[in-house]
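Report on the structure given below.
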Amino acid sequence: MYIAMQCADSNGMLNTEICTFQGIRYDTRYKSAVISTEHLNHDYVIPMEAKDYEAAASQIMEAMKAHAELINIEQGIVCRGRKGESRHVDPQKLVIVPM
């Protein structure tokens, strides 16, 4: 499955990225979701509250049940950076649409 998302780089520039979706997890220490992709040297981080992460995870599971080949994050910005790089942005609420 692929994921399309609006990503902010270290300069704040927004770009649409399409990657192979490999999973998502929640980091309780930093209150952020981390999306795993084939890009091993980058993290795709979304600051969010735990309840908003659970809502996003449910949307992804629904897309997987529907055998979607692509999920699109239509609302919310993903921070792309090198592994371990931190960002300070407002918490996001995601709207994920299977395609």
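Key figures for this structure:
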quantity	calculated
Close pairs from the range 65-81: first on the phi > 0 side of the Ramachandran plot, partner in a loop (DSSP other than H, G, I, E, B), Cβ under 6 Å, at least 6 apart	Gly76/Gln92; Gly76/Leu94
Enumeration of residues in the range 17-65 that are among the hydroxyl-bearing types (Ser, Thr, Tyr) and either part of a strand (DSSP E or B) or in contact with a Phe, Trp or Tyr (Cβ under 8 Å, 6 or more places away or on another chain) (or both)	Thr20, Tyr26, Ser32, Ser36, Thr37, Tyr44, Tyr53
Any hit, the range 7-16, residues being in contact with a Gly (Cβ under 7 Å, 6 or more places away or on another chain), small (Gly, Ala, Ser), part of a loop (DSSP other than H, G, I, E, B) and in contact (Cβ under 8 Å) with a residue 24 or more places away in the chain	yes
Residues (surrounded by 11 or more Cβ atoms within 10 Å (Cβ to Cβ) and either within 12 Å of Ile3 (Cβ to Cβ) or among the small types (Gly, Ala, Ser) (or both)) located in the range 20-49	Thr20, Phe21, Gln22, Ile24, Ser32, Ala33, Ile35, Ser36, Thr37, His39, Tyr44, Ile46
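Conditions tested, residue by residue: (1) of a type in the set (Ser, Thr, Tyr); (2) touching a Ser or Thr at 6+ places or on another chain (Cβ under 7 Å).
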| residue | (1), (2) |
| --- | --- |
| Tyr2 | yes, yes |
| Phe21 | no, yes |
| His39 | no, no |
| Met48 | no, yes |
| Ala63 | no, no |
| Cys79 | no, no |
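Bear in mind that the values in this text are calculations on the coordinates, not laboratory data. Model, not experiment: these values are computed from the prediction. Ideal geometry is used to build each Cβ from the backbone, glycine not excepted, and the neighbour counts take in all protein chains shown.
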